[in-house]
Each structure stands twice: as C-alpha cells, then as structure tokens.
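Inspection log for the structure reproduced underneath, given as structure tokens.
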Amino acid sequence: MSSSTLIRRCPAQKSSLLKRRSARETWQNEMTEYVVRFLVGGALVSIFATLGDILRPKSFAGLFGAAPSVALVTLGIALYTHTPDYAALQSQAMMAGAGALAAYSIVVSNLLIRARLRAFPATMISLVVWLVVAFGLLALAGGPL
Amino acid sequence: MTPIHFSPSSLKEGRWYEYLIRFALGGAATALTGLISSRFGALVGGLFLAFPAIFCASATLIEKHEIRRKHGAGLAGTRRGQEAAAVDSAGAALGALGMLAFAVAFWLTVEVSAPGAFVAGSLAWLVVSVAAWYVRRKIRSARGGRWQRHQSRVY
C-alpha cells in the first residue's frame, strides 16, 4: 500500500505522518542554524584573532581578544529567528558578562605574573571567576536566579 | 610610546593546526551560546556572549610562540611567554570595557534599527577599547617618567 493510499484511508496515520515530517523539518532547521552559527562564528573569531596576531604593541592586540565576535553572530541570528526585544534582552545580560570578562582578564594577568602559572592553567582556573562574577552580576540586576 | 603598527611576519609563527583550533573553538563557542539560549532563555544565553572561550586558546598560543622564539635564541623563554600572555590578558580587560560599550549601544538602538544597532555597537566597542588602551598607556608612561626622575635624584 502506498503512503498516499495510507493517508487517504487512515486520518490517524495522516496526522502521525505530518507530525513526523514537521519534527524532521524542525530538526533540520535547527541543525542548519547551528551549522551557520559554527561556520560564521568560527570565521569571525578567526578574523579578529588574526588581527590580534599581526597588530603591535601586544597590549593593543589584546583588545581583539575581547572583540564581540560571538555576540555579533548570536545577536544577528537572534534578530532573524526571534524579535528585537529578545536580542535586547541578550545584550542586557551581555553587560554582566562583560563585567565578568574584565574580572577574569585581571585575574589571569595576575596568575601569570604573580603566581607564575602557565597560560593554560591560569586561563582555565580563572573561568570559575568568570562564572561567579557573571551570575552574581546577573542576580544583582534581578536576573532569573 | 610604541606606535600601533602591523607585523605580518607574526603570521609565520603560527602553525596551520593552531588556526584550525581557533576556528573550531570560535565556532563551537558560538553554537554553544545558541544552545544555551534555547535551553535556558535569552538572559542566561546573553551572559555567554562575553564568555572567554577563545581566550584560553589565544593566551596559550601567545605563550607558546614567545617560548618558541626564545628557544630559537637558545633561551628557555617560559617567563617571557607568561609576560606576553599577561600583557595580552591586560589588553583583554580593556577590551571588556569595549564589549560593555557594545552591549549598551546595541541595547539602546536595536529596537530602533537592527543594522544601526550593529554599527553603533561595533563603533562603541572600537572607540571605548582604543580610548581605554590609550589612557592606560599614558598613565603608565607618566609613572615610568616619574620613576626615572626619582631614580636620577636618588642615585
């Protein structure tokens, strides 16, 4: 029996088939979105990072390590898939994240110079600082915590 | 004060897999931020727009390149590598101020004009980051000048 015959004879089957098709399309759309995020995000981050590699002095080049490359892609997709309100909400929370990033960078710098840690452990350990400061600032601002 | 300039020869220090790692990390960070937003909402997702996912790789690469450069001169280079990564980290702290400016400018303009919000945000990031860097350099130069004058008086 063909699927078209099935659809004509069985409404329940038709409903189930449509639901499966819809779920598959939703999944495909989501996957496409994540692939686009990965490719565009990777490209932007690479561009800013390469700029940071070739600029001197190094302290100036370090500015590009905090370039809003992930934000540009994410907010762009947020505007495409949601509303300006949604993107505005994300940018508000980003302020707290930026404050945490400043604290994080200062801690990393001190761990490297004063505690003489190597770069990898210093940057990884300091992630705890980012998490605490970021969620702390969000809670202080009345976020969902 | 060292002027801002390009040093394209620095690109030769990088290995092809380092660029690939940065691309993959940047892409993964962006995809993950989207996932967090969809699972936990816009506020929590927005926090992670300023998550230093790529900074770990950048700082490690900078340290590695400095060590490699010093090895070429027959030195260990560990301390020099740490200092280079620390300088980059200090720059990132200033860049975070710029990121804050980006977020504020974007938030203020996005409901008026979406393309305008991106332009305003990017300009705000650039202007505030560079201004913060410049002010910091001036302060450090002034402190360095005072220390040299103090040394010449004492010694």
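Checking the condition aliphatic (A, V, I, L, M) and over 21 Å from A:Val45 (Cβ atoms), which residue from B:Ala86, B:Ala103, B:Ala50, B:Ala117 passes?
That would be B:Ala86, the only listed residue that is aliphatic (A, V, I, L, M) and over 21 Å from A:Val45 (Cβ atoms).
Can you give me the number of residues within the range B:111-126 that are β-branched (Val, Ile, Thr) and at pLDDT below 95?
1
Counting only residues that are among the aliphatic types (A, V, I, L, M) and more than 7 Å from chain B (Cβ to nearest Cβ), how many does the range A:45-66 have?
Looking only at that region, the number is 2.
So, of the residues in the range A:101-122 that are more than 7 Å from every other protein chain (Cβ to nearest Cβ) and assigned to a helix (DSSP H, G or I), which turns out to be surrounded by the fewest Cβ atoms within 10 Å (Cβ to Cβ)?
A:Pro121
Starting from residues that are within 7 Å of another protein chain (Cβ to nearest Cβ) and free of Cβ contacts under 8 Å to residues at least 12 places away in the same chain, keep the ones in the range A:69-84 and report whichever is surrounded by the most Cβ atoms within 10 Å (Cβ to Cβ).
That would be A:Leu79.
Is it true that some residue in the range B:32-41 is hydrophobic (A, V, I, L, M, F, W, C) and farther than 30 Å from A:Leu140 by Cβ?
For the range B:32-41, residues hydrophobic (A, V, I, L, M, F, W, C) and farther than 30 Å from A:Leu140 by Cβ: absent.
With the requirement that a residue be assigned to a loop (DSSP other than H, G, I, E, B) and touching a residue at least 40 places away in the same chain (Cβ under 8 Å), what does the range B:28-77 give you?
Scanning the range B:28-77 gives a single hit, B:Pro52.
Take the residues of the range B:54-100 that are of a type in the set (S, T, N, Q) and crowded, with 21+ Cβ neighbours inside 10 Å: which is nearest to A:Val133 (Cα to Cα)?
Looking at the filtered set, the residue picked out is B:Ser89.
Given the options B:Thr60, B:Thr78, B:Thr109, B:Thr33, name the one that is among the hydroxyl-bearing types (Ser, Thr, Tyr), within 10 Å of chain A (Cβ to nearest Cβ) and under 16 Å from A:Tyr104 (Cβ atoms).
Checking each option against the conditions leaves just B:Thr60.
Any chance the range A:103-125 includes a residue that's in contact with a Pro (Cβ under 6 Å, 6 or more places away or on another chain) and either at negative phi or without any contact (Cβ under 8 Å) to a residue 40 or more places away in the chain (or both)?
yes
The values are calculated or read from the model by the stated rules, or taken from the named source; none is laboratory data. For clarity, every value in this text was computed on a predicted model and none was experimentally measured. Counting neighbours? That spans all protein chains shown, and the Cβs are built from the backbone with ideal geometry, glycine included.
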